[in-house]
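First the structure, in the form of structure tokens, and then the observations on it.
The values are calculated or read from the model by the stated rules, or taken from the named source; none is laboratory data. Given the structure is predicted, the values throughout are model-derived calculations rather than measurements. Please note: Cβ atoms are built from the backbone with ideal geometry, for glycine as well, and neighbour counts cover all protein chains shown.
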Amino acid sequence: MENITSELKAYILSEFLPGEDASNLEDDTPLISSGILDSLATLKLVVFLEEKYNVKIAPHETQEEYIGSIANIVTLVESKLSA
Amino acid sequence: MEKATSIALQPIKWLKYIFLVVQLAFIVFIVHRYAIENNAFFTIMIFISVGFMVHYFIPIQHRMFSFGLLSMAGTAVIMGWESSLWIFSIVAVILLICRSGLKFSYKVGLILAGSGVLAVFRADIMPFYGPEAIWPILGSMLMFRLITFMYDLKHAKKIPTFGQSVAYFFMLPNVVFPLFPVVDFTNFTRSHYNGERHKIYQVGVDWITRGIIHLLIYRIVYYYMAISPSDVASPSDLMQYLSSNFLLYLRVSGLFHIIVGCLHLFGFNLQETHHLYYLSASFTDFWRRINIYWKDFMMKVFYYPIFFRLKSLGMTKAIVISTIIVFFLTLAFHSYQWFWLRGQFPIIWQDAVFWGILGCLVIINSLWELKKGKGQNLAAKVWSVKSSVIYSTKVLLTFTCICTLWSLWSAESWLGWLSMFKVLGQLTYSEIFFALAIFAGYLICGYLLQIWTRKRIAGGNYKGATDRRPYTTVCLLVLMSVMSIGEVYTKFGPDIANTIATMRAGKLSKLDTQALEKGYYEELVRVNRFNSQLWEVYMKKPAEWLQNPGADLKYYTGDFMQYELLKSTSSSTQYGLMTTNQWGMRDQEYPLTAKPNTLRIILLGASIETGWGVEDDETFEGMLESELNQLLSKGSKNTIEILNLSAPGYKPLQQLPVLEKAQKFHPNMIYYAASGREMMRAASFLQESVKNAVDIPYPGLRDIVSKANITADMDATVMEKALMPYREELLAWLYNELAIKAKNMRCKLVWFLVPGVEGGDWETTAEQSTELARQAGFEILNLHNVYQGYTVNDIALAEWDKHPNKLGHRLLMDGLFKEITGSPERYLGMKISD
């Protein structure tokens, strides 16, 4: 789990928050309501998750409930991996 | 679970509660004083405030359901029992289908079939025996909410509760706002009391206040800034035209703020519907900031599912195709929404051009962002002069492009829109220098603002209910309340007093009033823009308003007069009989030649004089004739006949051939009834005549046409603009021609202005017309204060029809009778008694 978290954090920082201090991005930082994940970023993230973890994300899983924070994304990926 | 428990245990805080109630009391007062929206909104705002006061004490587990019940009660209060029972029954059937144990595809099939049946009724393909008033509200409740509800139902881990479903579909204050944001069902239920409740309530109050401010600013734009394309005569007019069109959108953002603010009062901690959209720095940014709920709805239900299906084509292709489909659907949904609200499905080139261009711009911008990234960060941004200048310039360019695009969306014609830009050729060096100075000032202000806020305004970084103190809201509420009091705002001088008086008036602007008047006789009025308030007025208008199916009263003459009323016709309207005599007058029968000792008056007028909306014996003309004869019968052998040659829709120039026709009746007097916008209406008729290649039999008119250089192949806006400088000359020519003809007929001419049922710009233009009539030699009869002491609701036929009603006609008759009998020699050319 920690592995996924750190990989995700690194990806988000490099792709969507270049130059941002890593300590500002926490596991529960809101990603959608804060504007970090807009529609394009969401699509990029989905492609990243599918390729990196070999999981299939459904369209309705692009909502806040599933990808609203790093913690939510980790839960989503883990549930897919364990299924 | 822990969170839910902590929320359930949120204690009652009396001070905060009282503070919220006091703010709501201010809001209700302001809504009343500034006539925000309509009377129904005032009622519902009281309803919501009282509802909130009770809701606060309801245990959390019952709050959703109680909100649903309150929303249903609100619907019943506003719509009445019959309409609300129809709405409740239809929604209940839909909910039964949604919540049944059927397979999802069967549910979708049934819902689609049911919607099809409703659409057949809405389109009047089959008669609907219930009240028509339910359609806009029912449509508003279901047209998008049902789509998102079904989508969430498909993917939900558990079926929503009955209380959630009821609360979602009836959602207060939907019953008074048919144009309603597309609230997402998941967000609606998940946001319910997901934070400290007093903070959620306070955000609600803040947003209602903000919404009211948007609406008040909108009114200033609506009344003072909005101009028509034909008014654009200089570069500054062009700027005013372009910006005012876009600024009129403040009405939508204002209403949406109020709506979502009201939902916060019942614990729905929803996000903003609009976020500083005038400060968008790119087209994608604009799409994300304006009507956020719409964007989210389209993303969730269409964009992501389409993208996921296409992503095997590659990221770029999938994004481009998905975006094109989303913008096409947005275009189609605009007409779909219009269908449910108005019963028509407009397909308009302006919509296609607007959404097409915006879609292309968003695609280009998206691909750019995909390649370069947005460049954002979490901490408060430190602005350098360079970054500030770049950002501010981007904001200004985006604003300018959107204004231009928006104006094209609102334009009547492509050529008319293009013709406005010719004024840019008139730019002088001093104007360019002035514009550059304003731009420099804007950059400096932008930089100072950015330093002051120390945070990004580019990212839409709203975080929900915040800890900020509500002092600003309280100050604004107190200020607006105090400034709504006449004794206070009149102390600030006439300019401020007039501006506030305007802000307090919830009436139609000059442009919309003109469009409304035009719409009495023309079906082609473009009220398909949510920017204009007129669509709401028309939404309330019954489809068969004053129509006589199969019995059109007009007889087309094929000459300059164009039409007259059919002879010896009687048709039934909802106001009673409309009967014409053997000469095609809405009047009693008269012989061709008057009997001895008869003073014969010819009345020249339009719809009011014809008696549009009143019965045969309720027209002011008929009543006046009868009253005058009654008076004469007491001491004179004379009688009076008033021959009413008016017809609905007549414009000033048409009165010339009418007067020529009237010669055969050998009148003694001509009474000319003028309307408020004589010059504009005269020019408009000449323009129509040229456009329709009607033969113009008057050399004077042909001369004006030639001077204005207008031809049939020209665009309407261009013609209107070309005729503008000749309007006064045109009316002066008409009045002089009428005077010459009257002199030849040995008739005396009386001119009177029939005042509008409410104040407006017609009062200013009326002064010019009066002066021209006086110069031409008319006797002027003043009816100026005839409606004094009555409100527009007392004397107008309806909100969508400002013709005087029965009382209005009675008042007009009283006014005319008083003036005529006060100076009979002047207005009748004789004494009343022998």
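Numbers for the structure displayed
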item	result
All positions within the range A:44-78 that are of a type in the set (S, T, N, Q), in a helix (DSSP H, G or I) and either away from chain B (no Cβ under 12 Å) or under 9 Å from the mean Cα position of the chain (by Cα) (or both)	A:Asn72, A:Thr75
Among (1) modelled with pLDDT under 90; (2) over 23 Å from B:Gly68 (Cα atoms); (3) among the hydroxyl-bearing types (Ser, Thr, Tyr) - the single one B:Ser105 does not satisfy	(1)
Subset of the range B:287-303 [more than 18 Å from B:Leu250 (Cα to Cα), within 11 Å of another protein chain (Cβ to nearest Cβ) and either among the aromatic types (Phe, Trp, Tyr) or touching a residue at least 60 places away in the same chain (Cβ under 8 Å) (or both)]	B:Asp296, B:Lys300, B:Val301, B:Phe302, B:Tyr303
Scope the range B:161-190; condition outside any helix (DSSP H, G or I) and either surrounded by fewer than 21 Cβ atoms within 10 Å (Cβ to Cβ) or more than 14 Å from chain A (Cβ to nearest Cβ) (or both); matching residues	B:Thr161, B:Met171, B:Leu172, B:Pro173, B:Phe177, B:Pro178, B:Leu179, B:Phe180, B:Pro181, B:Val182, B:Val183
In the range B:294-310, the residues that are under 36 Å from the mean Cα position of the chain (by Cα), over 17 Å from B:His155 (Cα atoms) and not basic (Lys, Arg)	B:Trp294
Which listed residue, of B:Phe19, B:Phe65, B:Phe52, B:Phe29, is under 25 Å from the mean Cα position of the chain (by Cα) and either closer than 28 Å to B:Met480 by Cα or surrounded by 14 or more Cβ atoms within 10 Å (Cβ to Cβ) (or both)	B:Phe29
Answer from A:Glu20, A:Glu7 - the residue that is surrounded by 15 or more Cβ atoms within 10 Å (Cβ to Cβ) and facing chain B (nearest Cβ under 10 Å)	A:Glu20
Matching residues in the range B:705-728 - criterion: being assigned to a helix (DSSP H, G or I), crowded, with 18+ Cβ neighbours inside 10 Å and touching a residue at least 24 places away in the same chain (Cβ under 8 Å)	B:Thr717, B:Val718, B:Met719, B:Glu720, B:Lys721, B:Leu723, B:Tyr726, B:Arg727
Positions within the range B:658-673 being under 25 Å from B:His803 (Cα atoms) and either at pLDDT below 95 or part of a helix (DSSP H, G or I) (or both), in sequence order	B:Val658, B:Leu659
Meets criteria (within 27 Å of the chain's Cα centre (by Cα) and assigned to a helix (DSSP H, G or I)) for B:Met623	no
Number of positions in the range B:792-825 that are of a type in the set (Asp, Glu) and part of a helix (DSSP H, G or I)	4
Residues located in the range B:232-252, provided they are part of a helix (DSSP H, G or I) and more than 20 Å from the chain's Cα centre (by Cα)	B:Pro235, B:Ser236, B:Asp237, B:Leu238, B:Met239
Options B:Lys748, B:Lys741: the member that is crowded, with 17+ Cβ neighbours inside 10 Å, in contact with a helix residue (DSSP H, G or I) (Cβ under 8 Å, 6 or more places away or on another chain), under 18 Å from B:Leu653 (Cβ atoms) and modelled with pLDDT of 90 or more	B:Lys741
Condition met for B:Gly789 (outside any helix (DSSP H, G or I) and in contact with a helix residue (DSSP H, G or I) (Cβ under 9 Å, 6 or more places away or on another chain))	no
Selection from the range B:385-400 of residues that are within 14 Å of chain A (Cβ to nearest Cβ) and either at pLDDT 90 or above or over 30 Å from B:Leu242 (Cα atoms) (or both)	none
Residue in the range B:216-223 that is in contact with a Phe, Trp or Tyr (Cβ under 9 Å, 6 or more places away or on another chain), among the hydrophobic types (A, V, I, L, M, F, W, C) and either within 14 Å of chain A (Cβ to nearest Cβ) or under 18 Å from B:Phe256 (Cβ atoms) (or both) present	yes
Yes/no for B:Gln337 being at pLDDT below 95 and under 30 Å from B:His155 (Cβ atoms)	yes
B:Arg702 assigned by TED's automatic domain parsing to the domain that holds B:Ile642, closer than 30 Å to B:Leu783 by Cα and of a type in the set (Lys, Arg)	no
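Results for (1) within 14 Å of another protein chain (Cβ to nearest Cβ); (2) in contact with a strand residue (DSSP E or B) (Cβ under 7 Å, 6 or more places away or on another chain); (3) of a type outside the set (A, V, I, L, M), shown as yes or no for each residue.
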residue: B:Phe308; (1), (2), (3): yes, no, yes
residue: B:Leu313; (1), (2), (3): yes, no, no
residue: B:Phe327; (1), (2), (3): yes, no, yes
residue: B:Trp340; (1), (2), (3): no, no, yes
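Conditions (1) outside the structural domain of B:Met79 (by TED's automatic domain parsing); (2) of a type outside the set (S, T, N, Q); (3) in contact (Cβ under 8 Å) with a residue 12 or more places away in the chain, marked per residue:
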position	(1), (2), (3)
B:Ala113	no, yes, no
B:Val120	no, yes, no
B:Phe128	no, yes, no
B:Leu146	no, yes, yes
B:Phe149	no, yes, yes
B:Asp152	no, yes, yes
B:Pro160	no, yes, yes
B:Ser165	no, no, yes
B:Tyr168	no, yes, yes
